[in-house]
Amino acid sequence: MKNIILIKFGGSIITDKNTPYKARSDVIRRLAKELKKIKDISIVLSHGVGSFAHTSAKKFGGKRGYKSKWGIAKVAHDVMDINKIVMDVLLEEGLPAVSLRPMSMMITDAGKLKNNLFEIVEETLNQGLIPVVYGDVIWDKKWKSTIYSGETTLNEIGIYLSKKGFKVDKIIQVGETNGVYDDKGKTIPSINRENWKSIEKYVFNSKRADVTGGMHHKIENALHIAKKGIKTWVTNGVINQEFSHALRGKAIHGTIIQ
């Protein structure tokens, strides 16, 4: 059985969400350098699209259909822009990363995954490469289109790989906070189905453009995959080496969802 870590670089950490179409290339590079130190374990990397596609998606739609054909084409184009920036950095740092477009691997029906081509991800891993996916427009049988966040796609891939002989060690969500905060602004060290209902009212979504649902969406996704025995670590990518600690299973200033 092959061990694998699933990683999501959040849109909040790799872009300036207050400034449309502005990437944080320095942060992406630092995270890539930390990732490069990990040896002898397979990785699937996903990233958010932050102030790139969320800006256009809020204007043109895509979550449950789109307002115009040109508009959804613009959203689809914007996700490619931030993906290219991420890929450029990964390759410059010597990581054998290959971009795989979610739009070309999935089709949904009313937002639920109907068909996939995740065998492509599996083969990429078998060849010793790092598949990179991201938040993207997904074609939908009922709505014309929907938008899958980077973590939703990552979770679906994780479920697929766990059925194909991979042992998903953990999922690491890299954002700009010390995990999930309570009503006093303190980190909640652990979230599970038992305590989530009492915590949920403290989790407010960002007022910035985020068509995929913000932190609440991230936690719900993590709790869903936790049913498969897979833990999600929510850590702060702003802090130097915090991502490295999560990769190595060391203590973090964050939240573990299980």
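List of remarks:
- Residues that are among the hydrophobic types (A, V, I, L, M, F, W, C) and assigned to a loop (DSSP other than H, G, I, E, B) within region 1-25 comprise just one, M1.
- Residue match in region 167-175 (condition: assigned to a helix (DSSP H, G or I) and either free of Cβ contacts under 8 Å to residues at least 60 places away in the same chain or crowded, with 16+ Cβ neighbours inside 10 Å (or both)): no
- Tally of residues being β-branched (V, I, T) and open to solvent by 30 Å² or more (accessible area, probe 1.4 Å) across region 26-43: 2
- One residue stands out among those in region 100-109 that are touching a helix residue (DSSP H, G or I) at 6+ places or on another chain (Cβ under 9 Å), of a type outside the set (A, V, I, L, M) and surrounded by 15 or more Cβ atoms within 10 Å (Cβ to Cβ): the one that is nearest to S25 (Cα to Cα), which is R101.
- Filtering region 237-258 to residues that are more than 21 Å from I4 (Cβ to Cβ) and among the small types (G, A, S) leaves only A251.
- Strands (runs of 3 or more DSSP E) contained in region 110-149 and holding at least 2 residues open to solvent by 20 Å² or more (accessible area, probe 1.4 Å) and in contact with a strand residue (DSSP E or B) (Cβ under 6 Å, 6 or more places away or on another chain): 112-116
- Being free of Cβ contacts under 8 Å to residues at least 40 places away in the same chain, crowded, with 23+ Cβ neighbours inside 10 Å and in contact with an Asp or Glu (Cβ under 9 Å, 6 or more places away or on another chain) holds for only one residue in S56, S51, S46, S12, and it is S56.
- Note on region 185-203: among residues that are of a type in the set (S, T, Y) and modelled with pLDDT of 80 or more, the one that is nearest to K227 (Cα to Cα) is S190.
- Residue in region 89-109 that is more than 25 Å from E123 (Cβ to Cβ) and assigned to a strand (DSSP E or B) present: yes
- For region 239-257, the tally of residues that are assigned to a loop (DSSP other than H, G, I, E, B), buried (at least 17 other Cβ atoms within 10 Å of the Cβ) and hydrophobic (A, V, I, L, M, F, W, C) stands at 1.
- For region 213-235, a residue qualifies if it is open to solvent by 10 Å² or more (accessible area, probe 1.4 Å) and either without any contact (Cβ under 8 Å) to a residue 40 or more places away in the chain or part of a helix (DSSP H, G or I) (or both), and the qualifying residues are M215, H216, H217, K218, E220, N221, H224, A226, K227, G229.
- Inspection of region 38-51 identifies at least one residue that is part of a loop (DSSP other than H, G, I, E, B), farther than 19 Å from L129 by Cβ and of a type in the set (G, A, S).
- Matching residues, region 60-72, being outside any loop (DSSP other than H, G, I, E, B), free of Cβ contacts under 8 Å to residues at least 40 places away in the same chain and loosely packed, with under 14 Cβ neighbours inside 10 Å: K69, W70
- The lone exception for L95 - which of (1) open to solvent by less than 40 Å² (accessible area, probe 1.4 Å); (2) free of Cβ contacts under 8 Å to residues at least 40 places away in the same chain; (3) touching a Lys or Arg at 6+ places or on another chain (Cβ under 9 Å) it fails: (2)
The values are calculated or read from the model by the stated rules, or taken from the named source; none is laboratory data. This is a predicted model, so every value here is computed, not measured. Glycine also receives a Cβ, built like all others from the backbone with ideal geometry; neighbour counts cover every protein chain displayed. Heavy atoms of the whole protein, side chains included, go into the accessibility calculation; ligands, DNA and RNA do not. Shrake-Rupley method; radii C 1.70, N 1.55, O 1.52, S 1.80 Å.
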